[in-house]
Amino acid sequence: MDLLNLMREITAFILLIQWTTSDSSSHSIVPVCRKEADDDPLELYSHHTSNPSPIHDLSAELSESQSSLSIRWAIKVDSTIHTLTSTWIQVTSDLKYRCEYQPPFTLKQINLDALQQLWFNFTVSNLPICPSTTYNIWAYNLPPPPDGTGDKYMKSFNTAKVRWNAQIYSVLHDDKIVVTFNASSAADRYTIELTKQSDEKEDLLKTVERKGGCKVGKCQVELEYIGPCEGLTIWITPNFENCQHGSSVWHDVKCTNRSGLAIGAGYILGLLFFLVLLCCCIMCQILRWVRGSKRGPSVRVLVVYPAVDGVFQRAVMLLTQFLQSRGGVTVVIDVWERGSLAEQGPLRWLHTQADLADRVLIILPPQRTETDDLKSNLAPGMTDDTVSASASNLFALTLNLVSSAAHDPHGRDKFWVINLDHDNKGVQTELKGCRTFVLPRDLERLHQQLSGGEIKSLALLTCFRSFYFKNALKHMEINTDFPTCAEANSLDEKSEFLL
């Protein structure tokens, strides 16, 4: 309860401070302004022994509709405030107002000692609006000082100019000119003139008067006209009730007049062009569909592998070349993507390629990897591949991806394991739930499940078998005759060796 009472006392204290420092509204002192017929107040012609402080600040602003003027001023509170009787305000040279205060400052009961200044405002309604006009406001307190109304005692302010954003637009349609423009809230009518420039002079062709009736601030006028369009200009002059003249705006008539035959021919040509374009699009779609049905969709395959030795690296490259030789399979491997791999880094590159790939092939080597003394038979022109520097990092990151997809059967089905050893004991724990292919036994099945077609690159398949598995079997002291890559290139597609 003590805390609640303390908060109440603090709130009451804050409200008391705001009340003591508030403006004139808290003391209910308001100005009552009336229009005066005299040019100057009578106080200017009498002598006064004391006078109030001058007006502290003065400002004025036109309303959004530019039909009224809001005047705001401030009076400094000092020892002379009780001698102030009224404030004289003059707008241009025609409008003069005397503003008296209720209750008057002359009452001694009013205590304004806690205030520094008071703000007041007064709105001049039915202001005579003229375009491009600046309104001058003068104001001073009464009674004036004994030495007259000097510059220091009188305050003045100039408003911004009254502007009319016409946004006029005119265009010739057949036998009439359509004119649109923004209406002014102060204009009671508009004069629209059509002129034509000829021989260094401007001839007046037609004049139209438009009175109000514009919808949502937009006016539209139609002028009948038959003749050439070149050199036509529309002039619009707003007429203000309290102004002698208005500022005119103009716009060159846009020429879009065409004969009915020309318009019809243009429509027919446009329709024919659209039909031809439509037929071409249909034919292109049919050709793409036919080609796609023959070739089948291309399967994107990402290949990852551990870093073992040069023999295993060459076996991986031969397998990727074999898969790439088919038109329906696109292979992505770090050796062929060194530029983007270096630019993106292993982690970002692997995640990007894994998201884009339809399948991720994880190639595992046989358990016996001591093959440095083996010599392989390379195809003519084939380079001796070295172990990729990024293979180890990519392989470890791929195992993390497989672990992350352990509870997502659809995501885990993307990862296929390619084992180059019949013994599955060396398969990592993360990969035991993935679909596995043992090469070379399952090579044909792997290609068919990837591309869904027949094996066509028989020579490259033979070269892959001959290279890695001949050397691996030789390391295990098993003698098996495989043809070399050069011999495989001369094999016929009906070779019994591949079957």
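Figures for the structure shown
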{"quantity": "³J(HN,Hα), Karplus 6.51/-1.76/1.60, whole Hz, each residue of the stretch 52-61, x for Gly, Pro", "calculated": "x, 5, x, 4, 7, 8, 8, 8, 8, 8"}
{"quantity": "Protection-proxy order for peptides 270-282, 392-404, 190-202, each taking the mean of Cβ atoms within 10 Å per residue, highest first", "calculated": "392-404, 190-202, 270-282"}
{"quantity": "Long pairs among Lys96/Lys155; Lys176/Lys201; Lys161/Lys211, criterion Cα-Cα beyond 20 Å", "calculated": "Lys176/Lys201; Lys161/Lys211"}
{"quantity": "Ranked by how many other beta carbons lie within 10 Å on average, peptides 28-35, 360-367 from highest", "calculated": "360-367, 28-35"}
{"quantity": "Leu356/Glu202 FRET efficiency (R0 60 Å; Cβ-Cβ; nearest 0.05)", "calculated": "0.30"}
{"quantity": "Theoretical gain in end-to-end length, Asp174 to Gln220 [0.36 nm per residue, Cα-Cα removed]", "calculated": "14.9 nm"}
{"quantity": "Sorted peptide list for 350-356, 301-307, criterion being average Cβ within 10 angstrom, highest first", "calculated": "301-307, 350-356"}
{"quantity": "For Tyr101, distant residues with modelled amide H under 5 Å away", "calculated": "Val32"}
{"quantity": "Nonlocal amide H pairs with Tyr225, under 5 Å, H built at 1.01 Å", "calculated": "Lys176, Ile177"}
{"quantity": "Solvent-accessible heavy-atom area per residue, rounded to whole Å², over the stretch 25-88 at 1.4 Å", "calculated": "55 Å²"}
{"quantity": "Fully extended contour minus Cα-Cα distance, from Val427 to Ser156, at 0.36 nm per residue", "calculated": "88.2 nm"}
{"quantity": "Gain upon complete extension [His56, Gln448; 0.36 nm per residue less C-alpha separation]", "calculated": "131.7 nm"}
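The values are calculated or read from the model by the stated rules, or taken from the named source; none is laboratory data. Bear in mind that the values here come from a model prediction, so they are computed numbers and not experimental data. Cβ atoms come from the backbone with ideal geometry, glycine included; neighbour counts cover every protein chain shown. Just the protein is used for accessible areas: all its heavy atoms, side chains included, with ligands, DNA and RNA removed. Shrake-Rupley method; radii C 1.70, N 1.55, O 1.52, S 1.80 Å.
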